[in-house]
Amino acid sequence: MAANAFVTTIREIIPGLPLTLVLTAVPLVLALVPGVLLGYLRSRGRLAYYLTGAYVTLFRSLPVVLQILFAYSWLPSLLAGLAAARGWTVDVFAISPVWYAIAVLFFNTLAALIEVYRSAFSAVPAREVEAARAAGFAESRVFIQVRLPQAFMFALPNLASATVNLVRMSALAYLMTVPEMTGRARMAAGLTFDTITAYGVLLLAYVALCFLIDSAYDLIYGRFMRRLHGTAGVRGLT
Amino acid sequence: MIRVTDLTKMYGSLRALDGVSLAIEKGEIVTVIGPSGGGKTTLLRMIDLLEPADHGRLQFDSLDVDMHRPGRTKKLAVRRRIGFVFQQFNLFSHRTVRQNIVDVLCFGHGWPKRDAEAAADEALLDVDLADKRDAYPAELSGGQAQRAAIARAMAARPDLLILDEPTSALDPELTGEVAAVIRRLASDGMTMLMVTHHVDLAAELADRVLVLADGRIVEEGFVHDVLDNPQTDRTAAFLERVRPPGRSGL
Amino acid sequence: MNYRTFNVNEVASAAKDLLPHAGTSILILLAALAGGILMGLLLTFLLHARSPVLSLIARIYLRVLRGAPAVVLLLLVFYGLPVLFSLIGIGTLTQTNRLFAVILTFALMASAQMANVFTAAYGAIPKNQLEAAKAVGYTVRNRFFHVWLPQGLRLALPNLANTATWLLKEGAVAYTIGVLDLVGHAQLRISSQYGGGAVETYTALALIFFVLIRLIEVLFHGLERRASVHLVKGAGSGGR
Ligand SMILES: Nc1ncnc2c1ncn2[C@@H]1O[C@H](COP(=O)(O)OP(=O)(O)O)[C@@H](O)[C@H]1O
Ligand SMILES: [Mg+2]
């Protein structure tokens, strides 16, 4: 019985994995460039600091669940209104909930990445920037050759955390009926009536996925250890 | 070759530099000494146009620059003619020693990569660091890092080398190797403007000494005149503090 | 779904309906935070224990918690608890049990955060202080209560504020197992109006969360200031 439920659960969850990966990768990739640029601006200009700060605070203060409920009750009618006003012929209510989920996850990830890169750019030593200027680098070169590569390196541990948090956030997409891993595990629970096995396996799937992500980041980070500390191969559990 | 006229820099209400004028001839070595907070670093940074001055004029051969508003083109032109060696080395920590030099030549001076690499290897030979070319700055001793920084500053053959206390961040036993490199540059006829508390080195190399205190040049002259026979009490007191006991110049 | 105009009065009325239920959300937050701090301390000890088995267990626990989505952990605890309870012969599912499942879930989540916070704080305490305390003859217990704990807590306070706001946010998933906290009542209100006023109700809810989170930040900021004043004085008067 239990073994049977176990197999059924795994069979049900695995087809949800690609969607979970999409819900992680797409918002992350979309948010990366604006996150780096806005994080840089936030670390520099006063106006940019406050504007991006307001954005970050807004998303840090609203539970993701609430954003999802919002998006689901408000966005479709807003879009439909817009479509009607502009005479578009799209059926707004036929838009896949996956897009709504990606939108919500994107806005939250962007807020996280702005903070990650703000602190990474702030950690770039001012004296190395000055050395580049003294050597005749144009400001754009200072950014590309000195600030950006160093910020990239400093950001890695926090970027790993932001990615893991994104995976965890993506579980909430089931509330929008997106059949990613959590949504599929609920179906499995309905089939087998063995909720503990269903959610136990689901939890392990997320933990394994996050472990793989952390390991990948650790591998990349390990390559920078010599630059940061001068000795090769120091690595720790995140 | 280079002339600074009436340079003034304010930080808030603090007069970091107060109407400083100086001139350096080609091949000349000028050292700047003076109490901490006297404005020495600020003077060097202003000459390299690293920050706008409140007032001042810089003439560098045929270039004539308003130090308050230098404009992008002149700013880059001046910086490219000057090599700058910092107290804390300021090597790019994410680049190897060799890449540090190549980057400066490629991105600061627009050299092709191949030429830059050849010049970098040559510059590293000059400072006896060929074996450390693939090390990262975090893997170097202070003396090695400062020699790498000098190689980086010299790789593009600047007209003027500026050094800001190049030995004061080093352990005493490491100052010798850096001093040796500077000595060699001097014997090659390099034009230099150097801040140092290393009075022996100043006495040995410099043609002239400027004493900077409270943002003003309080004393200026040939090296032995200033060091052995200071004209103001401040200079005498300052020399008393930095000079190793039992010695008087060279 | 039909679209209609946004009604500001409806937001005010929704806020009035929802505010009395903030208590449940705050109760969950405080209980989970307290549980998380205690479990986090325990975890920190396990993590730094001499026994490699204990520290391995603690590290695996942290690994699991790092990858666990709040909803998934909540569902597992919610369905797992009654089984655990029936094994030791305690009753079945009630609203109280739901609340307990939520608190336990978020205490678990907070414990992992707190263990990281405490470990960082532990690393930031000057080692010579602990050595000095040892040299003066402090017992292990005294060292813990008089040196380690007060400093660790002070160093952990800024992160504690982050953990608290994070818990309040993550706690919003509690309604998915039928707990009637702020979000749960918002859902009730909307369904009692047959889906009417959804946008207004959620707006009111968003405002309430925004204010609560600001309040937590202000509160912890005050605590932080008081803690540093107290500790500076304490350091001056010497150890007892
Ligand atoms: N970026 C800055 N902002 C404010 N004050 C500065 C700055 N740089 C230097 N100063 C002030 O200018 C004065 C001269 O500094 P500096 O040129 O570094 O002196 P020195 O190199 O002779 O020790 C000091 O009082 C210092 O505090
Ligand atoms: Mg200085």
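The values are calculated or read from the model by the stated rules, or taken from the named source; none is laboratory data. From a predicted model like this one, the values you see are computed outputs, not experimental measurements. Cβ placement follows ideal geometry from the backbone for every residue including glycine, while neighbour counts extend to all protein chains displayed.
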| query | Does residue B:245 meet the test of being in a loop (DSSP other than H, G, I, E, B) and modelled with pLDDT of 90 or more? | reply | no
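Of all the residues that make up the range B:184-217, how many are within 16 Å of ligand 1 (Cβ to nearest atom), on the phi < 0 side of the Ramachandran plot and modelled with pLDDT of 90 or more? Give the derivation first.
Of the residues in the range B:184-217, the ones within 16 Å of ligand 1 (Cβ to nearest atom) are B:193-199, B:202, B:209-217.
Then keep just the ones that are on the phi < 0 side of the Ramachandran plot; that gives B:193-199, B:202, B:209-213, B:216-217.
From the residues that got through so far, the ones that are modelled with pLDDT of 90 or more too are B:193-196, B:209-213, B:216-217.
Matching residues across the range B:184-217 total 11.
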| note | The correct count of residues that are more than 18 Å from residue A:3 (Cα to Cα) and in contact (Cβ under 8 Å) with a residue 60 or more places away in the chain in the range A:177-232 is 15
| request: Assess whether residue B:227 counts as being buried (at least 21 other Cβ atoms within 10 Å of the Cβ) and modelled with pLDDT of 80 or more. | output: no
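Taking residue B:101 as the residue in question, decide whether it is modelled with pLDDT of 95 or more and under 28 Å from residue B:139 (Cβ atoms).
On the way: modelled with pLDDT of 95 or more: yes; under 28 Å from residue B:139 (Cβ atoms): yes.
It is true that residue B:101 is modelled with pLDDT of 95 or more and under 28 Å from residue B:139 (Cβ atoms).
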| task | Run residue B:31 past the list (1) away from ligand 2 (no atom under 16 Å from the Cβ); (2) away from every other protein chain (no Cβ under 14 Å); (3) buried (at least 20 other Cβ atoms within 10 Å of the Cβ) and report the number of the one that doesn't hold. | result | (1)
| query | When the range B:29-51 is examined, which residues are found to be out of contact with any Leu (no Cβ under 9 Å at 6 or more places or on another chain) and either part of a strand (DSSP E or B) or closer than 21 Å to residue B:226 by Cα (or both)? | reply | B:36, B:37, B:41
| field | Meets criteria (at negative phi, touching a Gly at 6+ places or on another chain (Cβ under 6 Å) and within 13 Å of another protein chain (Cβ to nearest Cβ)) for residue C:28 | value | yes
| Between residues in the range C:168-179 that are among the acidic types (Asp, Glu) and residues that are at pLDDT 90 or above, which pairs lie under 9 Å by C-beta distance while being six or more apart or on different chains? | C:170/A:63; C:170/A:64; C:170/A:65; C:170/C:70; C:170/C:106; C:170/C:109
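Identify all residues within the range C:160-176 that are of a type in the set (S, T, N, Q) and facing chain A (nearest Cβ under 8 Å); write none if there are none. Before the answer, list the steps.
Keep residues of the range C:160-176 that are of a type in the set (S, T, N, Q), which gives C:162-163, C:165, C:176.
Answer for the range C:160-176, where residues must be of a type in the set (S, T, N, Q) and facing chain A (nearest Cβ under 8 Å): C:165, C:176.
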| query | Out of all the residues in the range B:53-69, is one or more more than 14 Å from chain A (Cβ to nearest Cβ), in a helix (DSSP H, G or I) and either within 16 Å of ligand 1 (Cβ to nearest atom) or buried (at least 19 other Cβ atoms within 10 Å of the Cβ) (or both)? | reply | no
| task | Return the only residue of B:54, B:61, B:48 being modelled with pLDDT of 95 or more, more than 16 Å from ligand 2 (Cβ to nearest atom) and in the same structural domain as residue B:187 (by TED's automatic domain parsing). | result | B:54
| When only residues in the range A:87-105 that are out of contact with any Leu (no Cβ under 7 Å at 6 or more places or on another chain) and within 14 Å of another protein chain (Cβ to nearest Cβ) count, which is modelled with the highest pLDDT? | A:104
| Looking at this structure, is residue B:116 touching a Cys at 6+ places or on another chain (Cβ under 8 Å), within 22 Å of residue A:143 (Cβ to Cβ), buried (at least 18 other Cβ atoms within 10 Å of the Cβ) and within 14 Å of chain A (Cβ to nearest Cβ)? | yes
| In this structure, is residue B:167 within 16 Å of ligand 2 (Cβ to nearest atom), more than 14 Å from every other protein chain (Cβ to nearest Cβ) and among the hydroxyl-bearing types (Ser, Thr, Tyr)? | yes
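Which members of the range B:20-37 meet the condition of being within 20 Å of residue B:192 (Cα to Cα), small (Gly, Ala, Ser) and within 15 Å of ligand 1 (Cβ to nearest atom)? Let's see the steps before the verdict.
Looking only at the range B:20-37, we keep the residues that are within 20 Å of residue B:192 (Cα to Cα), and these are B:20-34.
Okay, now just the ones that are also small (Gly, Ala, Ser), so B:21, B:23, B:27, B:34.
If the condition is that a residue be within 20 Å of residue B:192 (Cα to Cα), small (Gly, Ala, Ser) and within 15 Å of ligand 1 (Cβ to nearest atom), then B:34 is the only one that fits.
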| request: Answer yes or no: is there a residue in the range C:94-106 that is touching a Leu at 6+ places or on another chain (Cβ under 8 Å), surrounded by fewer than 22 Cβ atoms within 10 Å (Cβ to Cβ) and within 12 Å of chain A (Cβ to nearest Cβ). | output: no
| note | If we ask which residues in the range B:12-28 are within 16 Å of ligand 2 (Cβ to nearest atom) and buried (at least 18 other Cβ atoms within 10 Å of the Cβ), their number turns out to be 3
| remark: Reported set for the range B:147-164 where residues are farther than 19 Å from residue A:227 by Cβ and out of contact with any Asp or Glu (no Cβ under 7 Å at 6 or more places or on another chain) is B:150, B:153, B:154, B:155, B:156, B:157, B:158, B:159, B:160, B:161, B:163, B:164
| said: On the basis of being within 12 Å of chain A (Cβ to nearest Cβ) and modelled with pLDDT under 95, does residue B:139 make the cut? | reply: yes
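Restricted to the range A:112-136, and to residues that are of a type in the set (Ser, Thr, Tyr) and surrounded by fewer than 22 Cβ atoms within 10 Å (Cβ to Cβ), which residue is nearest to the other protein chains (Cβ to nearest Cβ)?
The qualifying residue nearest to the other protein chains (Cβ to nearest Cβ) is A:119.
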| message | I'd like the residue in the range A:181-222 that is modelled with pLDDT under 90 and surrounded by fewer than 16 Cβ atoms within 10 Å (Cβ to Cβ) and, out of all such residues, is nearest to the chain's Cα centre (by Cα). | response | A:190
| note | Given the conditions (1) surrounded by fewer than 22 Cβ atoms within 10 Å (Cβ to Cβ); (2) away from chain B (no Cβ under 11 Å), every one holds for residue A:153 apart from (2)
| note | Log entry, pairs with first residue in the range A:47-73 being within 13 Å of chain C (Cβ to nearest Cβ), second being not in a helix (DSSP H, G or I), beta carbons closer than 6 Å, six or more apart or on different chains, reads none
| more than 16 Å from ligand 1 (Cβ to nearest atom), surrounded by 17 or more Cβ atoms within 10 Å (Cβ to Cβ) and assigned by TED's automatic domain parsing to the domain that holds residue B:180 - does that describe any residue in the range B:94-103? | no
| message | Suppose we filter B:89, B:84, B:107 for residues that are touching a helix residue (DSSP H, G or I) at 6+ places or on another chain (Cβ under 6 Å), within 12 Å of chain A (Cβ to nearest Cβ) and surrounded by fewer than 23 Cβ atoms within 10 Å (Cβ to Cβ); which single one remains? | response | B:107
| said: Anything in the range B:147-165 that is within 16 Å of ligand 1 (Cβ to nearest atom) and aliphatic (A, V, I, L, M)? List them, or say none. | reply: B:162, B:163
| Out of C:175, C:138, which single residue is among the hydroxyl-bearing types (Ser, Thr, Tyr) and assigned to a helix (DSSP H, G or I)? | C:175
